[in-house]
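Since every read-out is calculated from the coordinates, none of them should be taken as a lab result. Owing to the predicted nature of the structure, the values given are computational and were not obtained by experimental measurement. Note: ideal-geometry Cβ built from the backbone for every residue, glycine included; neighbour counts use all protein chains shown.
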Amino acid sequence: MPILDHLWIIPLLPLLGSAINGLLGGKWPNKIVNSVALGATGLSFLFALEAIREFFAGGQVLFRKHFFDWISAGAFTAGFDLQMDQLTVVMVLVVTGVGFLIHIYATGYMAHESGYYRFFSYLNLFMFFMLILVLAANYVLLFVGWEGVGLCSYLLIGFYFLKKSASDAGKKAFIVNRIGDFGFMLGMFLLFRTFHTLDFTTLFAAASNPAWGHEAWGQFGTFTIACLLLFMGATGKSAQLPLYVWLPDAMEGPTPVSALIHAATMVTAGVYVVARSHILFVHSETAMVVVAVVGCATAFFAATIGLVQTDIKRVLAYSTVSQLGYMFLACGVGAFSAGIFHLMTHAFFKALLFLAAGSVIHAMGGEQDMRKMGGLSEKIKYTYRTMLIATLAIAGIPPLAGFFSKDAILLSAFQITGGHPLYAIGLLTALLTSFYMFRLIFLTFYGKPRYDEHHVHVHESPWSMLGPLVVLAVLSVIGGWIAAPALWGGPDYFTSFLAPVFASAQGAEAVNEAAAHQLEIILAIVAVTSALIGLGVAYWLYVRQPGKPEQIAKSMRPVYNTILNKYYVDEFYAAVIIKPLMWISTNVLWKFVDVAAIDGTVNGIASGATSIGDTVRHTQSGNTRSYAVWVVIGALVVIAVIFFWPASRPVIGMVR
C-alpha cells in the first residue's frame with residue numbers, strides 16, 4: 001500500500017494514541033500508556049519516512065490528494081486535501097522525529113507525575129494537529145491544525161492546573177494567540193474574496209499571474225494587506241513583537257512541553273506559513289520589509305532580555321523568541337530556504353537545550369534558578385556534555401549545525417540589503433546569543449556549588465531521558481553539514497533541495513549562489529569572531545571574575561532593572577489594555593448592561609407581573625356578597641360603555 005496515497009495515516013496515528021490514552025489511560029499502568037503514546041508517534045515517524053521515500057522515488061514532484069469534500073457552501077469549497085513537497089518533507093521529519101524523541105524523554109521526566117495518561121493524550125493530540133498543519137493543501141485545513149496547536153498549548157502549558165501561575169500562563173497563551181488568529185482569519189477571508197479559493201495550488205498559480213498587475217501588489221494593495229494579516233497570525237504563533245509575551249510564561253508547563261512547543265511544533269508554525277505563502281509575500285515589498293524588520297527587532301529585543309534572566313528555562317525561552325526572529329529576518333529578505341534551514345537546525349539544538357535543562361532541574365530536585373547551581377559538570381557529565389554541544393551550536397561555532405544556518409541568514413541579509421543595518425543588528429544579536437548561552441553554561445556547570453549539598457543530592461538522569469539527549473546532540477553536530485560544501489565553493493544541498501518550492505523567490509536567493517566566495521568566507525569569519533567574543537566575555541565575567549557581574553549590575557541599576565523586568569512590557573499591557581478592559585467588563589458590560597439593563601428589565605417585568613397578580617388575587621375572596629357586588633359593578637360598566645362610548649352608538653341604533 002503506497003503511503004503517499006494514504007497520507008492521512010501519518011496524522012491519524014497520534015490522534016488514535018491521544019483518544020485511546022485519553023479514554024482508557026486512567027485505568028492503565030504507565031507502561032501501557034507509554035506503549036500507546038510511543039507506538040503512535042513512532043509509527044507516525046516510520047510512515048512519514050516511507051512516504052518521503054516514495055516521494056523521492058517519484059522524482060520529488062509535488063504530490064497532493066483529495067480525500068473528500070469537507071465544507072461546501074455556495075461558491076466556497078474546502079476539501080480534506082493533503083500534500084507533500086520538499087517543504088513538507090522537512091517539516092514532517094522535524095515534527096515526527098524530534099517529537100518522538102521528546103515523547104521518549106517524557107516517559108522518564110513525567111514518571112512520577114499525576115495525570116500521566118492525560119499528559120500523553122495531550123502530547124499526542126499536539127502532534128496530530130501539527131501534522132495536519134504542515135500536510136494541509138489549503139488554508140482552511142491548515143487553520144484547523146493552526147487552532148488545534150493553540151488549544152493543545154493551552155492544555156499542556158496549564159497542565160499543572162492546580163498551580164495558579166500555570167493556569168494563568170495557559171490562558172495567556174490561548175488569549176494572545178487568539179489575537180493573532182483573528183488577523184489570520186481576516187487574511188484568509190481577504191484571499192478568498194480576491195481569488196475565490198483557498199487551495200494552495202490554485203491560489204498561488206493565480207497570484208503568480210502577471211495579469212494582476214503591479215498596482216494590485218502595491219504598497220496599499222489588497223495582497224499586501226492580506227500578507228500583513230497572515231503575518232499578524234504568525235507573530236502570535238511564533239512569538240514575535242508585539243505578541244511574544246505568552247511564550248516566556250509557557251515555561252510553567254512541564255519541560256517536555258517546553259521542548260515540544262519551542263523546538264518542533266507550535267512556534268515554528270508561523271515561520272512555516274510565511275514560507276508556504278512566499279508567493280504572496282515576494283510580490284509585496286511592504287510586507288517583506290515588515291517581516292524582516294519585525295524579525296530582526298524581535299531577535300535583538302529578546303536577546304537583550306536573555307542577558308540577565310536567572311531561571312534556566314526562561315533564558316531558553318527568550319532564546320527561542322530571538323531565534324525565531326532570525327528565521328523571520330531570513331524570510332523577510334527573501335532567503336526562505338535559509339529560514340527553513342535554521343528552523344530545522346534550531347529544532348535539534350533547542351530541543352536538546354530544553355531537555356538538558358530538564359535533566360538539570362531533575363538533578364537539582366526541581367530547582368530552576370541558576371544562581372543556586374554551579375559545579376555540576378562533574379556530577380551530571382552526560383547532561384553537561386550534551387548541553388555544551390547544543391550551546392556551541394546555537395552560538396554558531398563551526399562545524400556545528402547552528403553555524404551553517406545562522407551564517408546563511410546573515411550572509412543573505414548582508415547581500416540582499418547591501419550591508420543594511422538589519423545585518424549589523426543580526427550580527428550583534430549573534431554576539432549576545434553566545435554571551436547569554438555561555439553565561440547559562442558557566443553559572444550552571446562551573447565554579448563552586450551554590451546549593452546545600454546536604455539537602456540536594458545531585459544525580460544523573462535515567463537513560464530514558466539521556467538517550468534522546470545523545471541523539472539530539474549528534475543531530476546538533478551534523479545537522480548543518482548538508483550546506484557545508486558551500487563554504488569551499490560547492491553547492492548548498494539544502495537550498496537546492498528546496499529550490500522547487502521557492503522557485504518564485506529564486507531572484508532573491510540567486511544572490512546567495514552568485515555571491516563571491518571570498519565575501520562568504522569573510523562574513524563567516526566575522527560571525528564566528530562575534531560568537532567567540534561573546535563566549536570570552538561570558539567566561540571572564542562568570543568564571544574568572546565571578547563577582548564582576550554584580551558590580552556591573554549595581555553600577556547600571558536602572559538599565560539592569562529595566563532589562564531584568566523585561567522592559568516592563570507586561571506591566572504596560574496590563575495598564576493600557578488589560579485593566580481598562582477589566583474595568584469596562586466589570587462596570588459597563590456586567591454591572592450596567594447585564595445587571596441593570598438586561599437583568600433589570602427581565603426582573604422588572606417579572607416583579608410587575610407578580611405585583612399585579614398579587615393585587616388581583618384579592619378579588620377572589622370566597623364571599624358570595626362580594627361576588628354579587630362585582631357583578632353589579634361589571635353590569636354598570638358595560639351599560640356605561642354602551643351609552644357613553646361613541647363607537648358603541650351604531651350598535652344601540654341597531655338594537656332600537
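Sort 469-480, 170-181 by packing, meaning the average of other beta carbons within 10 Å per residue, with the highest value first.
My ranking of the peptides, most packed first, is 469-480, 170-181.
Show me 546-555, 564-573 ranked by packing, highest mean number of other Cβ atoms within 10 Å first.
Taking the mean over residues of other Cβ atoms within 10 Å, the ranking is 564-573, 546-555.
Determine the dipole magnitude for the chain: charges of +1 sit on the beta-carbon of Lys and Arg, -1 on that of Asp and Glu, nothing else is charged, the reference point is the Cα centre, and the result goes in debye to the nearest 20.
1720 debye
Among all helices in the chain defined by DSSP H, which have a length of 24 Å or more along the axis from Cα atoms plus a Kyte-Doolittle mean of at least 0.0?
Within the chain the helices that satisfy the rule are 30-57, 116-135, 139-157, 164-195, 285-306, 312-332, 336-363, 401-417, 421-445, 517-539, 624-644.
For segment 254-355, what does the relative contact order come out to in percent, with C-alpha contacts under 8 Å and a separation of six or more?
In percent, rounded to a whole number, it is 40.
If you average the sequence gap of Cα pairs under 8 Å that are 6 or more apart and divide by the length of segment 99-173, what percent do you get for the contact order?
In percent, rounded to a whole number, it is 22.
Among rounded, prolate and oblate, which fits segment 1-90 when a ≥ b ≥ c are the square roots of the eigenvalues of its C-alpha gyration tensor, a/c under 1.5 means rounded, and a/b larger than b/c means prolate?
The shape class here is oblate.
Taking a ≥ b ≥ c as the square roots of the Cα gyration tensor eigenvalues, with a/c under 1.5 meaning rounded and otherwise prolate when a/b beats b/c, else oblate, which class fits the chain?
Prolate is the answer for the chain, as a/c is 1.5 or above and a/b outweighs b/c.
Once a ≥ b ≥ c are taken as the square roots of the eigenvalues of the Cα gyration tensor of segment 395-444, is the result rounded (a/c under 1.5), prolate (a/b larger than b/c) or oblate (a/b not larger than b/c)?
Oblate, because a/c is 1.5 or more while a/b does not exceed b/c.
Hey, what did the chain get for relative contact order, percent, Cα under 8 Å, at least 6 apart?
This gives 11 percent for the chain.
Return the calculated 222 nm mean residue ellipticity for the chain, to the nearest 500 deg cm²/dmol, obtained by summing -39500 (n - 2.57) across DSSP H runs with n ≥ 4 and dividing by the residue count.
-21500 deg cm²/dmol
Let me check I've understood the local charge: for Phe76, count other residues with C-beta under 15 angstrom from its C-beta, Lys and Arg +1, Asp and Glu -1. What total comes out?
Here the charged neighbours net out to -2.
So for each of 115-121, 581-587, 29-35, 91-97 I average, over its residues, the number of other beta carbons within 10 Å; can you give me the resulting order with the highest mean first?
Final packing ranking: 91-97, 115-121, 29-35, 581-587.
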